[in-house]
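Worksheet: one structure, shown below.
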Ligand SMILES: Cc1cc2nc3c(=O)[nH]c(=O)nc-3n(C[C@H](O)[C@H](O)[C@H](O)COP(=O)(O)OP(=O)(O)OC[C@H]3O[C@@H](n4cnc5c(N)ncnc54)[C@H](O)[C@@H]3O)c2cc1C
């Protein structure tokens, strides 16, 4: 747990990013989790993912952006991604982060930026998902999502909830009333016990509880996890309740449990792979290391070789 907190702390240290990025070897190791630095590299990765029977979601890596000009570049990047999805015919939607669009500068700016991407996704018959970030921005993220959902349709824009937060069950009850398309994940940030379950057992129990709420709602949701226990619980619940395989989808991260991704796709479940790409890979990469101590050994071993 200490290692996880330490790595998440390091993920926020910009100086270290500069330092780490200087080592081409370190950058090479990131390719396990990151599809590349450019849209073309991400498209090549998505073509392979599609060939394995899975769909994808583009994630242009950047977060906590602190200048309006940079948020403008992020919007342009996403509009470009949506155009390239149409041009290439790949099966993919997009995932966005509101701090990438200026949430920590001005929430109106983040709303306007996100709106431009959602509007373009709608025009193209595509879908934009708003990722969930740290608990300091949970409410602001939900507020912007709710505004967008009031202006756009169920299949234009979706949101993410995290089973480690105490508030999530209530948030999900409110979101299902709208209704909203939701991605359920466990949560990747380092949260204090005041807002999040400190024990994995409770996070998992809450995950199963929320998964059951989602699957019973009749709306198409994303069950995002690599945890076989969560996947089995989802498959069992769906079978017990007569919920068909195409009424929801599983989602996993690029480079993680590819075997399980392919197995679920072969078994006839919708399987979406989240494909991060871009120059700002450092915080995302560090959060992936934090999730699994074995990943740190993978890095250390390879740096040594
Ligand atoms: C599609 C998708 C979108 C996501 N979006 C968000 C978001 O918007 N906000 C947010 O806070 N979090 C997001 N996450 C991250 C999520 O919250 C978890 O941090 C992450 O998925 C690990 O949790 P887990 O459910 O896989 O279970 P865990 O209990 O952490 O892991 C279960 C098993 O999965 C494998 N595994 C998990 N992580 C790794 C890893 N890094 N490297 C190698 N193996 C691993 C291991 O075999 C592990 O034993 C997303 C995850 C996915 C799959």
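The values are calculated or read from the model by the stated rules, or taken from the named source; none is laboratory data. Only a predicted model underlies this, so the values are computations on that prediction, with no experimental measurement involved. Reconstructed Cβ throughout: ideal geometry from the backbone, glycine too, with neighbour counts over all protein chains shown.
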### Query
All but one of (1) modelled with pLDDT of 95 or more; (2) touching a helix residue (DSSP H, G or I) at 6+ places or on another chain (Cβ under 7 Å); (3) on the phi > 0 side of the Ramachandran plot hold for residue 242; which doesn't?
(2)
### Task
Tell me, yes or no, whether segment 97-115 has at least one residue that is in contact with a strand residue (DSSP E or B) (Cβ under 9 Å, 6 or more places away or on another chain), in contact (Cβ under 8 Å) with a residue 60 or more places away in the chain, under 22 Å from residue 282 (Cβ atoms) and buried (at least 20 other Cβ atoms within 10 Å of the Cβ).
no
### Task
Could you list all residues from segment 44-56 that are in contact with a helix residue (DSSP H, G or I) (Cβ under 6 Å, 6 or more places away or on another chain) and in a strand (DSSP E or B)?
56
### Message
Being out of contact with any helix residue (DSSP H, G or I) (no Cβ under 7 Å at 6 or more places or on another chain), under 29 Å from residue 258 (Cβ atoms) and surrounded by 15 or more Cβ atoms within 10 Å (Cβ to Cβ) narrows it down to one residue among 59, 40; which is it?
### Response
59
### Query
In segment 62-71, how many residues are touching a helix residue (DSSP H, G or I) at 6+ places or on another chain (Cβ under 8 Å) and in a helix (DSSP H, G or I)?
2
